[in-house]
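To keep things clear, I will list the structure first and then write my remarks on it.
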């Protein structure tokens, strides 16, 4: 099992300099990955946020080993061609250490869809998400792309350079027992199962394994827990990553730093 942290980039943590320093602390303490939330705004009483891509670039410049990425980007409210450029630039800066976490997102998190005129219908956003993943994946190959879809177009374009190590792993966010996100995740490199009880992990693995010819071999199963959680039940149930998370409303820089300096509970 590998161990990472998931940082809410709000209020006290809404500063790329602070986040870069925390990433450096995490690397020194032996964590395997440092990931950041991707939100334009969040629920009150939170008032401030920062840009995840700028923050990740700062983190990449301060580290050499830890894996980095957004957890998770609501891809349906972004242009896939812009995200492709951002991902490759970040991956070059990090020398191949980027993982792309993507999901539908929730308007309830801060009304960041409705307040900016973005679609809130879940079925429509899911359709946009799937098409955006197709376009993004094609652009990340570095090969010529021709796509004419309902929501996105890419007419005879070729994005160079490709990712630093040819491809960037993609983890898809899901919530159990919703099966559609699990089936979507099975087409990629991993699933980030949000708010999951360990007792449900075998069912998650069975659902994903049934969608893949090779089962879950080589597939990342990412779960989250609070600081100090025992990783053994998760490892025994089949998780490959445990992300330590923090309450967005009470998190402090000092509190995060203390958890990071203690290192993961292996």
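You will find that of 187, 167, 160, 95, the residue that is surrounded by fewer than 16 Cβ atoms within 10 Å (Cβ to Cβ), at pLDDT below 95 and under 25 Å from residue 67 (Cβ atoms) is 167 and no other.
Only one of the listed residues (83, 34) is within 14 Å of the chain's Cα centre (by Cα), in contact (Cβ under 8 Å) with a residue 12 or more places away in the chain and surrounded by 23 or more Cβ atoms within 10 Å (Cβ to Cβ). That residue is 34. When residue 13 is tested against (1) under 23 Å from residue 140 (Cα atoms); (2) surrounded by 23 or more Cβ atoms within 10 Å (Cβ to Cβ); (3) over 17 Å from the mean Cα position of the chain (by Cα), just one condition goes unmet, and that condition is (1).
In the stretch 248-266, how many are without any contact (Cβ under 8 Å) to a residue 60 or more places away in the chain and either part of a helix (DSSP H, G or I) or in contact with a strand residue (DSSP E or B) (Cβ under 6 Å, 6 or more places away or on another chain) (or both)? Qualifying residue count, the stretch 248-266: 3.
Conditions (1) more than 18 Å from residue 56 (Cβ to Cβ); (2) part of a helix (DSSP H, G or I); (3) out of contact with any strand residue (DSSP E or B) (no Cβ under 7 Å at 6 or more places or on another chain), marked per residue:
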{"residue": "82", "(1), (2), (3)": "no, yes, yes"}
{"residue": "87", "(1), (2), (3)": "no, yes, no"}
{"residue": "91", "(1), (2), (3)": "no, yes, no"}
{"residue": "96", "(1), (2), (3)": "no, no, yes"}
{"residue": "101", "(1), (2), (3)": "no, no, no"}
{"residue": "108", "(1), (2), (3)": "yes, yes, yes"}
{"residue": "111", "(1), (2), (3)": "yes, no, yes"}
{"residue": "115", "(1), (2), (3)": "yes, yes, yes"}
{"residue": "119", "(1), (2), (3)": "yes, no, yes"}
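Looking across the stretch 90-114 at every residue that is without any contact (Cβ under 8 Å) to a residue 24 or more places away in the chain and in contact with a helix residue (DSSP H, G or I) (Cβ under 9 Å, 6 or more places away or on another chain), the one that is farthest from residue 190 (Cα to Cα) is identified as 114.
Please give the strands (runs of 3 or more DSSP E) falling wholly within the stretch 130-247 in which 3 or more residues are free of Cβ contacts under 8 Å to residues at least 40 places away in the same chain. It comes to 145-148, 153-157, 220-225.
The values are calculated or read from the model by the stated rules, or taken from the named source; none is laboratory data. The model shown is predicted, which means the values in this text are computed figures rather than measured ones. Ideal geometry is used to build each Cβ from the backbone, glycine not excepted, and the neighbour counts take in all protein chains shown.
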